[in-house]
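The values are calculated or read from the model by the stated rules, or taken from the named source; none is laboratory data. Please read all numbers here as calculations on a predicted model, not as lab measurements. Cβ placement follows ideal geometry from the backbone for every residue including glycine, while neighbour counts extend to all protein chains displayed.
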């Protein structure tokens, strides 16, 4: 259990950074009228999912590197 918590702490920056970046980028894109590719038509849900996937990938990379 400690290993998972440590991996999450090491990978949190990637997840948060990708979520914020996607929120900004997808918000601009949706305002221009292009909502294609959004999950459920929601910028927030899509950004949260992207952040979670990126965090999981970074956790896996850190785990392999350990």
Inset, instruction - For region 5-23, enumerate the residues that are in contact with a helix residue (DSSP H, G or I) (Cβ under 9 Å, 6 or more places away or on another chain) and either at pLDDT below 90 or surrounded by fewer than 18 Cβ atoms within 10 Å (Cβ to Cβ) (or both). - result: 6, 7, 8, 10, 12, 13, 16, 17, 20, 21, 23
Legend entry - Residue list for region 25-45, filter: assigned to a loop (DSSP other than H, G, I, E, B) and either surrounded by 13 or more Cβ atoms within 10 Å (Cβ to Cβ) or in contact with a strand residue (DSSP E or B) (Cβ under 6 Å, 6 or more places away or on another chain) (or both): 35, 38, 42
Inset, instruction - Would you please list the contacts, defined by Cβ atoms under 7 Å and residues six or more apart or on different chains, that run from a residue in region 41-53 that is free of Cβ contacts under 8 Å to residues at least 24 places away in the same chain to a residue that is exposed (fewer than 15 other Cβ atoms within 10 Å of the Cβ)? - result: 41/35; 43/27; 45/39; 49/39
